[in-house]
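Asker: One structure is given below, represented as structure tokens, and several questions about it will come after.
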């Protein structure tokens with residue numbers, strides 16, 4: 001019986017070490033950028049609300065794991081409009097941020113990157129993440145030519161212009177929303193770990209069959 005216990009302990013310990021060191025539980029977050037005059041309920045407006053309109057962005061947890069940590073923006077355009085908040089996003093939760101009072105009227109944010117949206121924290125308290133995406137890389141899929149002759153489907157938070165020029169309220173508010181997804185599938189136990197567990201179970205069977 002002592003030999004049996006040692007076999008099972010070794011197999012289970014190997015399985016535990018392998019899966020714990022990976023610490024991958026997976027996540028599915030949807031980032032949306034939009035430009036409007038109405039402030040979404042509960043939105044953070046540290047740098048000002050619509051005046052009369054501005055860029056907003058949201059993060060929704062479409063996954064089955066919970067995020068806890070810091071979500072915020074880096075937005076430097078002459079002045080620094082960067083800010084963040086410590087939040088918890090359980091499955092189905094959404095958080096909204098306003099860029100500032102009128103995000104199309106202050107010039108380029110962070111050069112050609114645009115506003116940078118970032119998340120730093122833990123999923124289910126075990127998987128550490130540092131995620132970020134630029135407004136330049138958040139696309140609506142509906143390309144349009146703005147008043148300055150640029151055709152694009154990103155930079156929604158800048159009013160639809162990569163150079164940070166004012167495209168006018170009518171154009172800004174009629175932009176299609178931009179969409180981006182942070183996704184990672186949860187990890188299943190590794191084949192090597194399952195093999196070790198199987199070895200322990202086989203050892204159990206062999207010992208049980210051994211004559212007294």
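Throughout, read-outs are computed from the coordinates displayed, never taken from laboratory work. Quantities reported herein were computed from a predicted structural model and do not represent experimental measurements. Positions of Cβ are backbone-derived with ideal geometry, glycine not excepted, and every protein chain shown enters the neighbour counts.
Asker: Using packing as a proxy for protection, rank 143-151, 64-72, 108-116, 169-177 so that the peptide with the highest average count of other Cβ atoms within 10 Å comes first.
Answerer: 108-116, 64-72, 169-177, 143-151
Asker: Over all directions, the average projected area of the alpha-carbon convex hull for the stretch 25-185 comes to how many nm²?
Answerer: 8.4
Asker: What distance in nm separates the two pseudo spin-label positions at residue 183 and residue 130, each 7 Å out from Cα along the beta-carbon direction?
Answerer: Once both label points are built, they end up 2.5 nm from each other.
Asker: For the peptides 29-36, 179-186, what is the packing order when you average, over each peptide's residues, the other Cβ atoms within 10 Å and list the highest mean first?
Answerer: On the way: 29-36: 20.5, 179-186: 14.6.
My ranking of the peptides, most packed first, is 29-36, 179-186.
Asker: Taking 7 Å along the Cα-to-C-beta vector as the label spot, tell me the residue 24-residue 94 distance in nanometres, rounded to one decimal.
Answerer: Computed distance between label sites residue 24 and residue 94 equals 3.0 nm.
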